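The structure under discussion appears below in the form of structure tokens.
The values are calculated or read from the model by the stated rules, or taken from the named source; none is laboratory data. Everything numeric in this text was worked out from a predicted model, so none of it was measured. Reconstructed Cβ throughout: ideal geometry from the backbone, glycine too, with neighbour counts over all protein chains shown. Heads up: the accessible areas ignore ligands, DNA and RNA and are worked out on the full protein's heavy atoms, side chains in. Shrake-Rupley method; radii C 1.70, N 1.55, O 1.52, S 1.80 Å.
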Amino acid sequence: MANPKIIVVGGGLAGLSAVIKIAEAGGDVDLFSIVPVKRSHSVCAQGGINAAKNLKGEGDTTAQHLDDTVYGGDFLGNQTPIKEMCDAAPAIIDLLDRMGVPFNRTPEGLLDFRRFGGTLYHRTAFAGATTGQQLLYALDEQVRRYESEGRVTKYEHWEFLSAVLDSNRVCRGICAMNLRTMEVRTFECDALIVATGGIGAIFGKSTNSVVCTGSAQSALYQQGAYYANGEFIQVHPTSIPGEDKLRLMSESARGEGGRVWVPKQKHDKRDPRTIPDSDRFYFLEEWYPKYGNLVPRDVATRAIHKIVYENDLGIDGQPMVYLDLTHIDRHTLDRKLEGILEIYEKFVGDDPRVHPMKIFPGMHYTMGGLWIDFNQATSIPGVFAAGECEYQYHGANRLGANSLVSCIFGGFVAGPEAVKYAKGLQKSPAGSNGHFDAEKKRQEEINSRLISSDGTENPFRLWRELGDTMTRNVTVLRYNKSLQETDTKIVELLERFRKINLSDKGAWANTSFIFSRQLYNMLQLARVITQGAARRDESRGAHYKPDFPERDDAKFLKTTKAYFAPDADEPRFEWEAVDTSIIKPRPRRYDMAK
Amino acid sequence: MATAVSPNPKTEHTSGVAPLRAGQGHEFLLRRLHSLSGIIPVGAFLFEHIVVSNAQAINGPTAYANQVRFLGSLPFVLALEIFGIWLPILFHAGYGFYIWYRGQSNLINYPWMGNWMYALQRWTGGIAFAYIIWHTYTMRFTGVDLHDHPGASFGKVQLELFNPAYFAFYVIGLLSASWHFAYGIWLFAAKWGITIGERARQRFLYVCMALFLLISGVGLASITSFRSHQQQPTDPAGAAVVEHSQVK
Amino acid sequence: MAEKTVKLKIKRQTGPNTESHWDEFEIPWKPGMNVISAMMDIAANPVTKDGKQTTPIAYDSNCLEEICGSCAMLINGKAKMACSALVDHFEQPITVEPLSKFPIVRDLAVDRSVLFENLKKVKAWVPVDGTYDLGSGPRITPQQQEQSYPLSNCISCTICMEVCPQFNEGTGFVGAATISQVALFNDHPTGAVLKEERLHALMGDGGIHECGFAQNCVESCPKEIPLTRSISRVAGQVMIQSIKDIFSS
């Protein structure tokens, strides 16, 4: 029989990991990506990748990594797959090392490890301050090798529009659009892996890249796939506010000893360098003596919000606090953090080796995503998912440096599972391929409706309204009333979307047209996030409701599963029990040892 | 199945800069020969010609004549000239013009030092070649034959140098050739992987600039001494007198 | 007082084979604004300075953190990453043009796939046996890591190629980025197994010998990669290889 044909959508860490495994297993891969895969969002990950290699004599174990991950995720993560990931992590690091990732080294020539948030161990391998970039490049190079051998065909500058499902709702291919010629085409496959990353664009400005719209996940959700735990959105405590986006200031800045503080005196106008230690409030160290500046992201984020909005201690009354590295010597900073310090210097204009950085929390990551089983399979037969676009490994909150390992692990599982599925797949009977034409026609109709729409709404302005509402109401602090208002607002935006007017009606590389298609999917997915948050009347991990400040395991130790009701054009919800077969849930506190 | 065929997306390049033709063609050899020929034999000859032979002009007409006679008496002198000087220069220049033609200078937008040097290397090469053609033509192929009458050499050069236009051309030709050679050595070291580091290249640049100063300095001194002597004879009889007089 | 504004002059072209023209824009200034955020504002209100309705500008961008390498373009005539080009640092009107050495897709978007083709030609990868668990990689000293890491930071923005006088359709020069990747992989203990093949590839037409050492690459690299060092090192390796070839073939 012919080689299994797998389509992978998305060329970040998860997608490329899957591609490598499939090619290695003898499958043929068509790899689709909006951008050349080397430009995928994975390059933005800075700090590192976790694996309990225990190279620092601390007695770190994969069981400890599991515990930290589950605990950090406030027990919402399914423990069996998390355990598998933590167990696989050391070998993943070794593999990356063999692929030539320039990890930082100890004098003996071994991998160096740093500490990251939510753990007491040095568990994070890193390559300068551009670990994600280095990892992605290593995988990209391996894929290029397979590409030159003819095992992989890249379709870059193509956007996934939908899966092609046969009459049994089994995936038989995809429908995609060429972003230059605007051609809509269907492609056949035996199995599909989506690895389409984050959804930051739903929040307008975030730390995510431009392509992270969640459009592909949303399209699959609208085709019947479950979307799980959408309400869990990680807000990174330390981002650099910017006009076009929020730029990440990696957790490694705190990992290497960065200290977060504000002046004790409200609206202190002094140059931060002249403020003596006695006039500084190191609030994380004071409130969380055990973990100090390295509390998990959700805890740090809420602490900063509290300092700024409740205590009114933001720098000069603005929503910003100091992240200070100036006490660390220049050489150490350059060696370990140069990349991220450059970012600050380049985009803000101050040298963080001299001036304390000004930072504020920013939308960063979605723990939620396409629902998958323990083999990365979504609820649509033949569709698998890996990476940030699925929900499996981070529970209610992701620990720093766990995303890279979950992407690669997810891809490494999804690839072989897809091949296995493809080999056991019944070919669709001859002459039953009408679903390809039907799907293509459906997508072309959406396109022609959009291009001929002649209302008054500008898609980019609709997007800004969506982003503002989502950021205000569905990030750090969530109130049921404002969640309700947000959902109403999204419905209004969906209504206005029908009156869109594309200033560009061209049929070549029409970016506003492409963006509008993504925007529609963003709006649909925004409702899943918002309504999911509304339904969860507790506080867990990144999801925090001041009106329900405690975790409520009795009611909500459950995975939120949303599915799309086409007739009502809105999400419906179910709950699913969480796998807690290994570690019994216990309260999550970072002001003391766990 | 018509709709689901997935032919490979186009990878061949129909426009724009072509990808590397890995392992194909022989530009590499030619380019390296070009680079090498600039130093040996062309550069070596340049050095000999200016710093050794023509510098004899500083010692006066007779010393100069003796040097010319010595060179003219070398065995197989014509073969040496053809294969050691003329053909290498023609190759170096011809291929150099080809390189120049294919480059796309962009000094206006990127007026950085290395980029200036890149442009200057091409202009100095072009000027030096024009000069060399003219200089070889007038000195070697017109007027009194200096192999037969070495004593006429000093005077023959003087005839040209007393003409202000030719004098200017000499100076420009000299500076161009010595710059082209000196910076060429620097380029050679960088492009053949001899000076790898930034600082090594910086230091070697000083060495090459010193070489430029040496060659152009000696050259200018020679030119000056031609012009500071009275016009010497260029006829065979006068030449014989020069040849047999004592070196001062 | 009139609000502070930003004036931009953007070179546009609707497709690969159409005529180009310039559109001028004047938009409200915001603190910390860069060329990308200016174009985002234009997209939300695509009206030229003269009040003419136009289309949003097509350009490549992704991370906006100068790490994905997408948004290279000519800003005031020089190749730059648009995301890190703060408008306050440029004289106005700021002219924005597509890179000049690559086929235009539309407006500021160009086709830079030649770089990825070149990376294939020089086998810029470490040929691992497989992804199954084979234990840890070779030991590498911190000094070696510090030499490799900067080279591995190349974001494939192609600015080094754009600014190179030798990179053009006449020469088909491979460009500094690819050569530097050869240096990177030749240094790696496992990657070195393909060293000879890489060097032979670079001896092909358009190879390393086309370098004219104008050094624009190293001046303009947004990641400050020591590109001329890489070129020199690889050139030395190529020479040694070619001498070996003479005596061992």
Exercise for the section: Work out which residues of segment C:210-249 lose at minimum 30 square angstrom of accessible surface when the other protein chains are put back, relative to the chain isolated, with a 1.4 angstrom probe, and list them by number. Expected result: C:Glu210, C:Gly212, C:Phe213, C:Ala214, C:Gln215, C:Asn216, C:Glu219, C:Arg229, C:Ser232, C:Ala235, C:Met239
Practice task
In square nanometres and to one decimal, what's the mean projected area of the convex hull around the Cα atoms of segment A:241-361?
Solution key: 7.2
Problem - Kirkwood estimate for segment B:127-199, i.e. one over the average of 1/r between Cα atoms, Å - result: 14.4
Problem - FRET E, pair A:Ala568, C:Thr54, Förster distance 60 Å, beta-carbon r, rounded to 0.05 - result: 0.95
Handout entry: Rg/Rh for segment C:41-153, where both radii come from Cα atoms and Rh is the Kirkwood radius
Key = 1.13
Problem - Modelled FRET efficiency - R0 25 Å, A:Ala63 with A:Lys290, Cβ distances, 0.05 increments - result: 0.75
Fill in the blank from the handout: Excluding ligands, DNA and RNA, the carbon-plus-sulfur percentage of the accessible area of segment A:241-361 with a 1.4 Å probe reads 45
Problem - Solvent-accessible heavy-atom area per residue, rounded to whole Å², over segment A:241-361 at 1.4 Å - result: 40
Fill in the blank from the handout: Of every hundred units of 1.4 Å-probe accessible area on segment C:183-249, the number belonging to carbon and sulfur atoms, as a percent, is 55
Exercise for the section: Between B:Phe83 and C:Glu224, take the C-beta separation as r, use R0 = 56 Å, and let me know the FRET efficiency to the nearest 0.05. Expected result: 0.75
Practice task
Taking a cut-off of 19 Å between Cα atoms, list the lysines near A:Lys358, but don't count ones fewer than 8 places away on the same chain.
Solution key: A:Lys205, A:Lys245, A:Lys264, A:Lys266, A:Lys269, A:Lys306, A:Lys346, C:Lys30
Practice task
For segment B:122-188, report the accessible area per residue in Å² (1.4 Å probe, heavy atoms, rounded to an integer).
Solution key: 40
Practice task
Over segment B:28-244, consider all pairs of different Cα atoms and compute the Kirkwood hydrodynamic radius from their mean reciprocal separation; express it in Å, one decimal.
Solution key: 18.4
Practice task
Calculate the mean, over all residues of peptide A:135-145, of how many other protein chain Cβ atoms lie within 10 angstrom of the residue's Cβ.
Solution key: 5
Handout entry: Estimated D of chain A in µm² per second, where Rh is the Kirkwood radius over Cα pairs and Stokes-Einstein applies at 25 °C, 0.890 mPa s
Key = 101
Fill in the blank from the handout: Simple spin-label estimate for B:Val52/A:Asp552, 7 Å along Cα→Cβ, in nm, reads 9.9
Fill in the blank from the handout: Shape descriptor, chain C: equivalent ellipsoid semi-axes (Cα gyration tensor, sqrt 5λ, whole Å, largest first) stand at 40, 20, 15
Practice task
Find the eigenvalues of the gyration tensor of the Cα atoms of the protein assembly as shown, then list the square roots of 5 times those eigenvalues as equivalent ellipsoid semi-axes, largest first, in whole angstrom.
Solution key: 63, 31, 29
Handout entry: Pairwise label distance in nanometres, A:Glu345 with A:Ala577, each label 7 Å out on the Cα-Cβ vector
Key = 5.6
Fill in the blank from the handout: Farthest towards the positive end of the dipole of segment B:151-229, among B:Ile185, B:Gln158, B:Phe204 and with Cβ unit charges of +1 on Lys and Arg and -1 on Asp and Glu, lies the Cα of B:Phe204
Exercise for the section: Summarise the accessible area of segment B:28-244 (1.4 Å probe, protein heavy atoms) by the percent that is carbon and sulfur. Expected result: 74
Completion exercise
Asked for the total accessible area buried by C and B (1.4 Å probe, Å², nearest 100), one would answer 4000
Completion exercise
On each of the three principal axes the extent of the alpha-carbon atoms of segment C:113-248, given in whole Å and largest first, is 46, 40, 28
Exercise for the section: Could you tell me the total accessible area buried at the A-C interface, probe 1.4 Å, in square angstrom to the nearest hundred? Expected result: 5900
Exercise for the section: May I ask you to give the solvent-accessible area per residue for segment C:113-248, in square angstrom, as obtained with a 1.4 angstrom probe? Expected result: 32
Handout entry: Cα centroid separation - segment C:5-26 against segment A:527-561, whole Å
Key = 49
Exercise for the section: Please give the residues from segment A:200-214 for which the solvent-accessible area of heavy atoms, probe 1.4 Å, is smaller by at least 30 Å² with all protein chains in place than with the chain isolated. Expected result: A:Val210
Completion exercise
Residues of segment A:19-44 with backbone N under 14 Å of the label point set 7 Å from the Cα of A:Asn375 along Cα→Cβ are none
